[in-house]
Structures are given as structure tokens and as C-alpha cells.
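Asks: There's a structure below that I have some questions on.
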Amino acid sequence: MAGLTAYKKKRNFKSTAEPSGKIKKGSRELKFVVQRHAASRLHYDFRLEMEGVLKSWAVPKGPSMNPADKRLAMMVEDHPYDYRTFEGTIPAGNYGAGEVEIWDEGTYEGLQKDPQKKDESVLLAELKSGSLKFILHGKKLKGEFALVKMKTADAENAWLLIKHNDEYAVASTYDAEKFTSKTSKVTKAALAKGTGKPAKGIRTAVKKKSLKQQKG
């Protein structure tokens with residue numbers, strides 16, 4: 001059952017610009033967003049619209065377009081639908097303090113179709129069963145994916161985010177960090193905290209900018 005109680009309990013909306021939000025429906029097409037987040041550790045937040053909220057997973061290494069990768073995805077509390085457009089700074093002292101940016105976004109649909117049921121109903125049943133299959137229509141992430149719940153006793157909220165082997169899949173090494181902006185505030189925040197290892201090209205660009213500022 002969707003709910004924002006846990007989300008609201010963790011946040012003080014007088015000191016963070018994050019949306020307090022309500023449970024509400026979006027457009028006819030279901031939305032997804034992936035947010036890159038430099039908190040205590042650099043990670044990616046993968047969110048799927050369902051039941052008027054965003055079902056959410058923290059993905060430490062980020063999504064991959066290579067089917068050989070099984071990326072750990074820790075399910076966290078539901079987030080408001082309005083959170084899908086959130087970018088900016090979560091101030092120090094707040095839960096998840098750090099910089100947030102949108103890494104990818106778009107619409108999505110269920111892979112499995114049932115003519116007797118709405119797409120969202122099928123997806124919710126799959127979520128409950130621990131095996132969720134869907135198609136992403138994003139700018140970076142495209143095609144078929146699965147979220148599969150791990151069944152080990154000590155992994156209550158642990159899932160695996162896996163790319164299906166379709167026409168969009170790649171066989172080469174996939175590093176989400178290589179698909180970030182060279183002027184990313186999240187990259188700068190992660191480097192300042194020493195919590196992330198951005199792609200070499202990004203790290204070099206930030207270093208050059210820092211040296212230029214020092215010389216100036």
C-alpha cells in the first residue's frame with residue numbers, strides 16, 4: 001500500500017526544499033526518474049510511479065545497459081509524485097543531505113500485458129510478488145528491465161536491477177558516471193566529500209576548473 005508517512009517523518013520541510021507532496025495521479029503514461037545523489041555516499045535513486053507515489057530504490061553503482069550486470073537496488077520509502085522533478089541541495093542536518101540532480105527521466109510501461117487489467121495493476125502485482133518487469137522510455141535508459149527481489153534472509157529490502165538482452169542492450173562495460181554532465185554540481189559535491197569516484201573525464205574537468213580558480 002502506498003503511503004508517505006515514512007517519507008514525511010524523516011524530513012523537516014521548514015529546512016529542506018524537497019516536496020512534502022501528496023498521493024496523486026500523474027498523466028495517463030506512468031513516469032520514471034533516476035536521480036543522482038551525493039549524500040553520505042554517491043548513489044542513484046531509481047523511482048517508478050505507482051499508486052500516485054514514486055516507488056523508490058537506491059542503486060549504489062547506478063543503472064546499467066549491460067545484461068551481465070546485476071545492480072544492487074535497496075528499496076526505500078515511497079516518495080511523492082512531485083519528487084520526480086526535484087533537483088538541488090538538501091541542506092546539512094537533513095536526512096539525505098547533499099546535492100541531487102536528474103540523471104534520466106521518461107515514461108515506462110509494464111512488459112507483461114493483461115487485456116483484463118490496467119498496466120499499473122499488473123505492475124503492482126509483480127511488485128508484490130518480487131519480480132517486476134517493465135520497459136523504460138528514457139533518454140539514457142531504454143528497453144526492457146527487471147527488478148528482482150533477493151530472497152536471502154538478511155536482505156529484506158534488497159533487489160537486483162537487471163537489463164534484459166534486447167536491441168538496446170550493450171555488451172561493453174557500462175558506467176553510469178560516464179553519462180553525467182562535466183559541470184555537474186553532484187560531481188563537485190561528491191569529490192568534496194570524497195564519497196564518489198566520477199568518470200575520469202569528469203574528474204579531470206573539475207580538477208582543471210579548480211586549478212583555474214586558484215590561479216585566478
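The values are calculated or read from the model by the stated rules, or taken from the named source; none is laboratory data. Since this is a predicted model, take the numbers as computed values, not measurements. Every residue, glycine among them, receives a Cβ derived from its backbone with ideal geometry; neighbour counts consider all protein chains shown.
Asks: Going through ARG71, ARG47, ARG36, ARG28 one at a time, which residue ends up being at pLDDT below 95 and either over 15 Å from LEU147 (Cβ atoms) or not acidic (Asp, Glu) (or both)?
Replies: Values: ARG71 fails: at pLDDT below 95; ARG47 fails: at pLDDT below 95; ARG36 fails: at pLDDT below 95.
After ruling out the rest, the residue left standing is ARG28.
Asks: Oh, and also: Within segment 158-180, which residues are more than 16 Å from ASP69 (Cβ to Cβ) and either in contact with a His (Cβ under 8 Å, 6 or more places away or on another chain) or loosely packed, with under 13 Cβ neighbours inside 10 Å (or both)? Step through it out loud before you land on a result.
Replies: Kept after step one, since they are more than 16 Å from ASP69 (Cβ to Cβ), are these residues of segment 158-180: 167, 180.
Of everything in segment 158-180, just one residue is more than 16 Å from ASP69 (Cβ to Cβ) and either in contact with a His (Cβ under 8 Å, 6 or more places away or on another chain) or loosely packed, with under 13 Cβ neighbours inside 10 Å (or both), namely GLU167.
Asks: Could you list all residues from segment 12-45 that are small (Gly, Ala, Ser) and surrounded by fewer than 18 Cβ atoms within 10 Å (Cβ to Cβ)? Outline the logic, then answer.
Replies: First, pick out the residues of segment 12-45 that are small (Gly, Ala, Ser): 15, 17, 20-21, 26-27, 38-40.
Selection gives SER15, ALA17, SER20, GLY26, SER27, SER40.
Asks: Turning to a different aspect of this structure: Among all residue pairs at least 6 apart or on different chains, which show Cβ distances below 8 Å where the first residue, located in segment 86-99, is closer than 9 Å to ALA17 by Cα and the second is among the hydrophobic types (A, V, I, L, M, F, W, C) and assigned to a strand (DSSP E or B)?
Replies: Every condition considered, the pairs that remain are PHE86/VAL100; GLY88/VAL100; THR89/VAL100; ILE90/VAL100.
Asks: Give the residues of segment 23-40 that are over 14 Å from the mean Cα position of the chain (by Cα), farther than 13 Å from ILE90 by Cβ and touching a residue at least 60 places away in the same chain (Cβ under 8 Å), sorted by residue number. Lay out the reasoning, then the answer.
Replies: Step one: list which residues in segment 23-40 are over 14 Å from the mean Cα position of the chain (by Cα), which gives 23-30, 40.
After this cut, where a residue has to be farther than 13 Å from ILE90 by Cβ as well, the list is 23-30.
GLU29, LEU30 - these are the residues of segment 23-40 that are over 14 Å from the mean Cα position of the chain (by Cα), farther than 13 Å from ILE90 by Cβ and touching a residue at least 60 places away in the same chain (Cβ under 8 Å).
Asks: Consider ALA155 carefully, then state whether it is of a type in the set (A, V, I, L, M), in a loop (DSSP other than H, G, I, E, B) and modelled with pLDDT of 95 or more.
Replies: no
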